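Report on the following structure.
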Amino acid sequence: MDIHWAALGGVFGVSLGITLLTVVLFSLGVAAQPRGDVGGHGGERSRGANRTATAAALLCFGACLAVAVYGLTLIIGS
């Protein structure tokens, strides 16, 4: 049995990088979720910030979902 170590190392490196990227994106999505009205004023500026935070969180979660679906398509195939 012959093991191609360079290919094995390449697969390990890419897997580690994608895993770290997905964890960071998910963490940013959780951190970006708006937590309600902290200041208690509820002005227009607060609503705009909440919309921006919600959009950022959805973008991060969408990227995580895209990575997961792409991985599943690689595993399952067509």
Taking into account only those residues within the range 1-23 that are among the β-branched types (Val, Ile, Thr) and without any contact (Cβ under 8 Å) to a residue 40 or more places away in the chain, which is nearest to residue 61 (Cα to Cα)?
23
Just to verify a result, which residue in the range 63-78, among those that are under 9 Å from the mean Cα position of the chain (by Cα) and among the aliphatic types (A, V, I, L, M), is most open to solvent (accessible area, probe 1.4 Å)?
65
Answer from 36, 9 - the residue that is at pLDDT 95 or above, of a type outside the set (D, E, K, R) and exposed (fewer than 12 other Cβ atoms within 10 Å of the Cβ)
9
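The values are calculated or read from the model by the stated rules, or taken from the named source; none is laboratory data. These figures come from a predicted structure and were not determined experimentally. Note that we place each Cβ from the backbone using ideal geometry, even for glycine, and neighbour counts take in every protein chain shown. When the accessible area is computed, the model is the full protein with side chains, heavy atoms only, and any ligands, DNA or RNA have been set aside. Shrake-Rupley method; radii C 1.70, N 1.55, O 1.52, S 1.80 Å.
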